[in-house]
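Peer 1: Got a structure here, written out as structure tokens. Questions coming.
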Amino acid sequence: DIETLFAPQPLDPAALRAQVRALNPKGMTPLSAAVIQAAEVLKSSEQKATVILISDGEETCNLDPCTVGKELEKNGVDFTAHVIGFDVSNPAHQAQLRCLAENTGGQYFNARDAKGLSGSLSAAVAVSTEARLPAATASISAPDKAPIVTSIRVSFEGPGDEGDFIAIYPGDTADASELNYAWIKDAAPDGSVELAMPAEQGRYELRYVSPLREPKVLARRAIDVTPSAVSISGPAQAVAASTIEIQASGPVSGSHWIGFAPAGSGNGAYLQYERPQAGESRYSLRTPAQPGDYELRYVLNESESVAARQTVRILPAEATIEAPAQVKAGETVTIRARGPVAQGNWIGFAPAGSEPGAYLGYDDIRGEDDSYEIRAPEQPGDYELRFMAYTNDTVLAAMPIKVVP
């Protein structure tokens, strides 16, 4: 699904903001086709044209971004695509976006958050509109080593051009994307920036990068990222859609999480999770609603690294419901229900044969009492009383009940 919302013309900022706020993005990611369409609108085969693409994921519409980049570069008069990956953590997806940019002579920017997106947009605009600057020199100073996911101060001297940044890269890959970065324009008065370390130990390289110059990398410095103690432990078995207590210790950040994921799934998979908190080592977690083998995980930087894990087998939940077989429409019914307790589990009425998430009157499952009072539907007919897991897609127990006038 591709739609041109604004034709190339002088920008109306208010109209653009209104349009962006009204967007409800969904569906596939036809990023290659979108760049092709933008190139056609800009008449790239007849005149110089530059496109800035912002994408949050991989190509999903059967085109190869690398090939598309080569074709646009070949057929365009002077076509360039700069690409910004917004919160793209998968290295393979980053490589796909980088390939599209570099095959057109453009640059790839990796933006992890809103601040990074703003800086990346400024840098992309700068390299699109400003003349190339002559070669320059720079220097950077930093510790020889630092623990994973900690932040260090990196001091620098350099030209400080628009879009300049300090970044950390994998030490053995010349053309890899930056893992974390800090904009020179945000530096402290002492000429230093704060830079977060990756979640995997190993040798990395700090670089001063100036996109407006050639060569772009003005300074390099090796740094060793060392391990940090991370642990997680919980029961070996637990009941589905219940609550368990676990213990976890490790780095604390709003981008780390502690929770469940299917056994054998990728780093980015998750079900229920909590953010680690300073000074806390005990956490309550809801178990998955479906039986099976899962892992408790301590994950760093959203999905960059699973620092600790433990296998947990989730057993089927047992739930029961006791209630009259027939009730009057609109009356309050006393129901007894027993089963697993977790925030969001509920018992209530649903039309007979309806989808699992359907409901009319309901009450939340409580651990201290198994008696519930729920108002019956106003319309007579055949219904079910259901004991539902918090996910709203799993019926743990059900019984038929007739509502009469």
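The values are calculated or read from the model by the stated rules, or taken from the named source; none is laboratory data. Model, not experiment: these values are computed from the prediction. Cβ sites come from the backbone with ideal geometry, for glycine too, and all protein chains shown count toward neighbours.
Peer 1: Among all residue pairs at least 6 apart or on different chains, which show Cβ distances below 7 Å where the first residue, located in region 109-137, is more than 13 Å from ASP161 (Cα to Cα) and the second is surrounded by fewer than 16 Cβ atoms within 10 Å (Cβ to Cβ) and of a type in the set (D, E, K, R)?
Peer 2: Qualifying pairs under 7 Å: ARG112/ASP87.
Peer 1: On the given criteria, is GLU59 without any contact (Cβ under 8 Å) to a residue 40 or more places away in the chain, crowded, with 16+ Cβ neighbours inside 10 Å, acidic (Asp, Glu) and in contact with a helix residue (DSSP H, G or I) (Cβ under 9 Å, 6 or more places away or on another chain)? Step through it out loud before you land on a result.
Peer 2: Details: without any contact (Cβ under 8 Å) to a residue 40 or more places away in the chain: yes; crowded, with 16+ Cβ neighbours inside 10 Å: yes; acidic (Asp, Glu): yes; in contact with a helix residue (DSSP H, G or I) (Cβ under 9 Å, 6 or more places away or on another chain): yes.
Answer is yes for this residue.
Peer 1: Which condition breaks for ASP382 when tested against (1) in a loop (DSSP other than H, G, I, E, B); (2) loosely packed, with under 15 Cβ neighbours inside 10 Å?
Peer 2: It fails just one condition, (1).
Peer 1: Closer than 15 Å to ALA398 by Cα, of a type in the set (Gly, Ala, Ser) and either touching a helix residue (DSSP H, G or I) at 6+ places or on another chain (Cβ under 6 Å) or surrounded by 13 or more Cβ atoms within 10 Å (Cβ to Cβ) (or both): is that true of ALA376 in this structure? Write out each step before concluding.
Peer 2: Numbers: closer than 15 Å to ALA398 by Cα: no; of a type in the set (Gly, Ala, Ser): yes; either touching a helix residue (DSSP H, G or I) at 6+ places or on another chain (Cβ under 6 Å) or surrounded by 13 or more Cβ atoms within 10 Å (Cβ to Cβ) (or both): yes.
The answer is no for ALA376.
Peer 1: Can you list the strands (runs of 3 or more DSSP E) lying wholly within region 313-365 that have 3 or more residues being buried (at least 16 other Cβ atoms within 10 Å of the Cβ)?
Peer 2: Numbers: elements: 320-322, 326-328, 332-338, 346-351, 362-364.
Fully inside region 313-365 and qualifying: 332-338, 346-351.
Peer 1: Further question on the same structure: Got a number for residues in region 1-52 being assigned to a helix (DSSP H, G or I) and either in contact (Cβ under 8 Å) with a residue 24 or more places away in the chain or among the aliphatic types (A, V, I, L, M) (or both)? It would help to see each step written out before you state the result.
Peer 2: Filtering region 1-52 down to residues assigned to a helix (DSSP H, G or I) leaves 13-22, 31-41.
Now narrow it down to the ones that are either in contact (Cβ under 8 Å) with a residue 24 or more places away in the chain or among the aliphatic types (A, V, I, L, M) (or both): 14-16, 18, 20, 22, 31-39, 41.
Going through region 1-52 one residue at a time, the tally reaches 16.
Peer 1: Exactly one of these conditions fails for SER249: (1) buried (at least 19 other Cβ atoms within 10 Å of the Cβ); (2) free of Cβ contacts under 8 Å to residues at least 40 places away in the same chain. Give me its number.
Peer 2: SER249 satisfies all of (1) buried (at least 19 other Cβ atoms within 10 Å of the Cβ); (2) free of Cβ contacts under 8 Å to residues at least 40 places away in the same chain except (1).
Peer 1: I've got another one for you. Test of understanding: among GLY116, GLY85, which residue is surrounded by 22 or more Cβ atoms within 10 Å (Cβ to Cβ), outside the structural domain of SER177 (by TED's automatic domain parsing), under 21 Å from HIS256 (Cα atoms) and not hydroxyl-bearing (Ser, Thr, Tyr)?
Peer 2: Going through GLY116, GLY85 in turn, the sole match is GLY85.
Peer 1: Residues SER155, SER192, SER177: which one is under 22 Å from the mean Cα position of the chain (by Cα) and either surrounded by 21 or more Cβ atoms within 10 Å (Cβ to Cβ) or not assigned by TED's automatic domain parsing to the domain that holds GLY279 (or both)?
Peer 2: Numbers: SER155 fails: under 22 Å from the mean Cα position of the chain (by Cα); SER192 fails: under 22 Å from the mean Cα position of the chain (by Cα).
Just a single option satisfies the conditions, and that option is SER177.
Peer 1: Taking the condition of being part of a strand (DSSP E or B) and either of a type in the set (Val, Ile, Thr) or surrounded by 13 or more Cβ atoms within 10 Å (Cβ to Cβ) (or both), how many residues in region 217-232 meet it?
Peer 2: From region 217-232, those part of a strand (DSSP E or B) are 217-226, 231-232; that's our starting set.
Retained after the next criterion (residues that are either of a type in the set (Val, Ile, Thr) or surrounded by 13 or more Cβ atoms within 10 Å (Cβ to Cβ) (or both)): 217-221, 223-226, 231-232.
Residues that pass the stated criteria total 11.
Peer 1: Quick one: is ALA240 crowded, with 19+ Cβ neighbours inside 10 Å and either assigned by TED's automatic domain parsing to the domain that holds MET388 or at pLDDT 95 or above (or both)? Outline the logic, then answer.
Peer 2: Numbers: crowded, with 19+ Cβ neighbours inside 10 Å: yes; either assigned by TED's automatic domain parsing to the domain that holds MET388 or at pLDDT 95 or above (or both): yes.
So ALA240 fits the description; yes.
Peer 1: Quick one: in region 199-208, which of the residues that are outside any loop (DSSP other than H, G, I, E, B) and charged (D, E, K, R) is surrounded by the fewest Cβ atoms within 10 Å (Cβ to Cβ)? Spell out how you get there, then give the answer.
Peer 2: Keep residues of region 199-208 that are outside any loop (DSSP other than H, G, I, E, B), which gives 202-208.
In the following step, the residues that additionally are charged (D, E, K, R) were identified as 203, 205, 207.
Values: ARG203: 12, GLU205: 18, ARG207: 20.
Here the residue is ARG203.
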